[in-house]
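To keep things clear, I will list the structure first and then write my remarks on it.
The values are calculated or read from the model by the stated rules, or taken from the named source; none is laboratory data. Just so you know, these numbers come straight off a predicted model, no measurement behind them. Here the Cβ is made from the backbone with ideal geometry for all residues, glycine too, and neighbour counts use every protein chain on show.
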Amino acid sequence: MEESPDLFEIREPLNQTIPFVLNSPHSGRIYSPAFLAQSRLDPLAIRRSEDHYVEELFSAGIGLGAPMLLAHFPRAFLDVNREPYELDPRMFEGPLPAHANTTSMRVAGGLGTVPRLVAENMEIYRGRMPVDEALERVETIYKPYHAALRRLIARTHVRFGMALLIDCHSMPGNIRVAGSSLRPDFIIGDRYGTSASGEMTRIAVTLLEEMGFSVARNKPYAGGFITEHYGRPARGLHALQIEVNRALYVDEATLKKKPEFPWLMQAIGSFLATFSGYVRKSSLGLPLAAE
């Protein structure tokens, strides 16, 4: 099944056999000529906010029996891991609607629904854009994307009695955990225990550590809007954000894959297989009323 292939895509297994839904909201890398013309950045610099090739790293999950939703539009154009109307009024010509959230920390940091910056604090746009253009992006891309994600999660929940959304991301190679020298290979975010059961998170961390990876939990990335919005563990709806260190698999200067890319892709596939096997054979993740 494929939806709006120019904007985003659902890659389906032949049959969904595990209660996982994979989501890659930031790996889109189709930059329209019109968008590039609006930007002051060159075609390489504007890609700094991408979660480079993450949909490939986690693609083994489809073969294991999980659907994957992935964006083709770039994060620099629209960030679906935000509230629908986290918008910075300084970016636009014309007034924003009254329901817009103009004061969030993400807006202040230039990383709202329509971002002002890419990584390394580089301004995206040459000037202001009409507010109607931003609102059109929300209506024609953001809302259909989330509608597709909700359907996948609901279908999975009905079929298995629970669902685990794995929100797939990457992080800069220089990330450190505050107060330590740890440069994690992975960060598992569960919104500080609110978006997934503690046992679900513990198993994910343990499995990766047993594979030899360094793993942090929630610091510095606890999960964004998607993890927070869709994770309802008391109802059997779990959401984990998984951040992969880009230094493991991509040259961050050229954005080209490293020779280690196939190895990491295979390792993530092994992790997903073991994790899904554990979930299927246990009551892990079922609604509290069923425990």
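A few notes on this one:
- Set Glu83, Glu56, Glu9: member being under 30 Å from Val279 (Cβ atoms), in a helix (DSSP H, G or I) and charged (D, E, K, R): Glu56
- For beta carbons closer than 8 Å, sequence separation of 6+ or different chains, a first residue in region 44-66 that is in contact (Cβ under 8 Å) with a residue 12 or more places away in the chain and on the phi > 0 side of the Ramachandran plot and a second that is part of a loop (DSSP other than H, G, I, E, B) and surrounded by fewer than 20 Cβ atoms within 10 Å (Cβ to Cβ), the qualifying pairs are Gly65/Pro13; Gly65/Asn15; Gly65/Gln16; Gly65/Thr17.
- Near pairs, Cβ below 9 angstrom, 6+ apart or cross-chain, from region 203-215 (free of Cβ contacts under 8 Å to residues at least 40 places away in the same chain and farther than 19 Å from Arg183 by Cβ) to any residue that is in a helix (DSSP H, G or I) and charged (D, E, K, R): none
- Residues satisfying the stated conditions in region 200-255, i.e. of a type in the set (Val, Ile, Thr), more than 16 Å from Leu22 (Cβ to Cβ) and in contact with a strand residue (DSSP E or B) (Cβ under 9 Å, 6 or more places away or on another chain): Thr201, Val205, Thr206, Val215, Val250
- Test set (1) farther than 21 Å from Ala60 by Cβ; (2) in contact with a Cys (Cβ under 8 Å, 6 or more places away or on another chain) - Ile242 fails condition number: (1)
- Of the residues making up region 124-141, those that are surrounded by 13 or more Cβ atoms within 10 Å (Cβ to Cβ) and within 30 Å of Asn174 (Cα to Cα) number 2.
- Number of the exception - Pro220 against (1) without any contact (Cβ under 8 Å) to a residue 24 or more places away in the chain; (2) not in a helix (DSSP H, G or I): (1)
- Taken over region 112-168, the residue count meeting the criterion of being assigned to a loop (DSSP other than H, G, I, E, B), more than 30 Å from Ala60 (Cα to Cα) and without any contact (Cβ under 8 Å) to a residue 40 or more places away in the chain is 5.
- Asn121 vs. criteria within 28 Å of Val244 (Cβ to Cβ), among the polar types (S, T, N, Q) and modelled with pLDDT under 95: yes
- Considering residues of region 201-225 that are more than 25 Å from Trp263 (Cβ to Cβ) and surrounded by fewer than 19 Cβ atoms within 10 Å (Cβ to Cβ) only, the residue farthest from the chain's Cα centre (by Cα): Arg202
- Selection within region 16-53 - within 17 Å of His169 (Cα to Cα), assigned to a loop (DSSP other than H, G, I, E, B) and of a type in the set (S, T, N, Q): Ser27
- Scan of region 155-182 for residues that are of a type outside the set (Gly, Ala, Ser), surrounded by 14 or more Cβ atoms within 10 Å (Cβ to Cβ) and under 19 Å from Phe261 (Cα atoms), ordered by number: Cys168, His169, Met171
- Every residue from region 237-259 that is more than 20 Å from Ile46 (Cα to Cα) and either surrounded by fewer than 21 Cβ atoms within 10 Å (Cβ to Cβ) or of a type in the set (Ser, Thr, Tyr) (or both): Leu248, Lys258, Pro259
- Flag for Ala239 being in contact with a helix residue (DSSP H, G or I) (Cβ under 9 Å, 6 or more places away or on another chain), among the aliphatic types (A, V, I, L, M) and in a helix (DSSP H, G or I): no
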